[in-house]
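Notes for the one structure printed next.
The values are calculated or read from the model by the stated rules, or taken from the named source; none is laboratory data. Model, not experiment: these values are computed from the prediction. A quick note on method: Cβ atoms are made from the backbone with ideal geometry, for glycine too, and the neighbour counts reach across all protein chains shown.
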Amino acid sequence: MFKGSITALITPLRDDQVDEDAFRRLVNWQIAEGTVALVPCGTTGESPTLNHDEHKRVVELCIEVAAGRVPVIAGTGSNCTAEGVELAEHAKAAGAAAQLSVVPYYNKPTQAGMIAHFTAMADAGPPLIIYNIPPRSIVDMSIETMAELAKHSNIIGVKDATMDLARPLATRLTCGEDFSILSGEDATALALLAQSGDGCISVTSNIAPRWCADMHAAWERGDFAEARRLNELLLPLHDSLFCESNPGPVKYAASLMGMCGPDTRLPLAPIADSSRQRVEETLRSLGMLDGVAAAAE
């Protein structure tokens with residue numbers, strides 16, 4: 001079962017190409033700071049605008065740099081089952097510990113369509129975590145559908161970005177104790193833990209991995225006061241990093257911290273001046289620009 005602070009990695013870009021050196025530094029820094037697993041090529045990694053060769057290379061590079069120190073959960077999401085199966089097969093061949101695949105977006109599959117889609121993905125690749133995010137996919141996977149999919153031996157959990165805090169407990173009761181329930185919304189990560197959750201696949205941990213990891217560790221050891229303190233510390237950061245479409249703000253924050261450039265790919269434009277000011281003011285108020293530790297080589 002996956003649990004704790006897991007980072008949905010940004011994909012650094014330079015001159016519209018994947019910046020592999022910056023990505024290597026980011027992976028090493030994440031591991032050094034306590035992140036327990038890594039997700040390359042999710043939404044935060046701009047998977048919709050990576051071509052297939054880039055997508056596969058980023059997954060392979062993450063596995064190579066992680067070198068078994070933490071598991072890698074490869075993003076394999078697609079609204080085309082055949083494409084998703086191809087990415088799932090690649091993730092398995094590359095040595096990913098698991099795959100994360102989003103509920104198909106835009107074409108609005110039925111619950112039966114979701115079952116067929118994720119069964120094909122799970123049959124083709126490594127253990128699968130379903131990513132349920134109705135605000136982006138438009139459709140919502142029902143608890144009943146998730147329970148049906150949880151019977152598949154290779155479907156092991158969910159990244160829940162529904163913002164429905166009754167959902168994790170209902171998922172636990174229908175999908176069982178061995179099903180990983182992971183938050184897909186940083187601002188509700190601690191609340192999800194209280195509702196039978198196991199961890200978070202986080203955007204914020206791209207730039208604050210130690211605080212995120214420490215919050216989950218505090219919860220795990222029963223130090224709820226410390227978990228609450230860290231959650232309150234992180235809240236303004238969560239707010240700032242979602243002032244525009246992800247990952248624009250978090251990549252700008254990473255650039256301020258010297259990790260990589262702020263570049264995103266169209267149709268994501270550079271974030272607005274007001275957003276840049278907001279992100280910078282938040283980082284400065286938290287002391288995150290006073291002495292940024294260099295990413296591990």
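Can you tell me how many residues within the stretch 97-127 are within 14 Å of Ala82 (Cα to Cα) and without any contact (Cβ under 8 Å) to a residue 24 or more places away in the chain? The qualifying residues number 1.
Scan the stretch 243-265 and tell me whether some residue there is surrounded by fewer than 19 Cβ atoms within 10 Å (Cβ to Cβ), assigned to a helix (DSSP H, G or I), without any contact (Cβ under 8 Å) to a residue 60 or more places away in the chain and touching a Pro at 6+ places or on another chain (Cβ under 7 Å). Within the stretch 243-265 (the criterion being surrounded by fewer than 19 Cβ atoms within 10 Å (Cβ to Cβ), assigned to a helix (DSSP H, G or I), without any contact (Cβ under 8 Å) to a residue 60 or more places away in the chain and touching a Pro at 6+ places or on another chain (Cβ under 7 Å)), the answer is yes, since at least one residue qualifies. Scanning the stretch 87-107 for residues that are among the hydrophobic types (A, V, I, L, M, F, W, C) and in a helix (DSSP H, G or I), we see that the one that is surrounded by the fewest Cβ atoms within 10 Å (Cβ to Cβ) is Ala93. What about Arg228, is it basic (Lys, Arg) and either in contact with a His (Cβ under 8 Å, 6 or more places away or on another chain) or under 14 Å from Ser5 (Cβ atoms) (or both)? No: the conditions fail for Arg228. Can you tell me which of (1) of a type outside the set (Gly, Ala, Ser); (2) touching a residue at least 12 places away in the same chain (Cβ under 8 Å); (3) closer than 26 Å to Ser240 by Cα is the one His152 doesn't meet? Condition not satisfied by His152: (3).
Sub-6 Å Cβ pairs linking a first residue in the stretch 273-288 that is within 10 Å of Glu244 (Cβ to Cβ) and of a type in the set (S, T, N, Q) to a second residue that is assigned to a loop (DSSP other than H, G, I, E, B) and modelled with pLDDT of 95 or more, at least 6 apart or interchain, are Ser275/Cys243; Ser275/Glu244, ordered by first then second residue.
Just checking, does the stretch 200-211 include any residue being surrounded by fewer than 19 Cβ atoms within 10 Å (Cβ to Cβ), of a type in the set (Lys, Arg) and under 30 Å from Leu173 (Cα atoms)? No, there is no match, as no residue in the stretch 200-211 is surrounded by fewer than 19 Cβ atoms within 10 Å (Cβ to Cβ), of a type in the set (Lys, Arg) and under 30 Å from Leu173 (Cα atoms). Residues in the stretch 54-86 that are assigned to a helix (DSSP H, G or I), under 17 Å from Met114 (Cα atoms) and within 19 Å of the chain's Cα centre (by Cα): Gly84 only.
Residue count for the stretch 4-29, restricted to those that are surrounded by fewer than 19 Cβ atoms within 10 Å (Cβ to Cβ) and either under 13 Å from the mean Cα position of the chain (by Cα) or of a type in the set (S, T, N, Q) (or both): 2.
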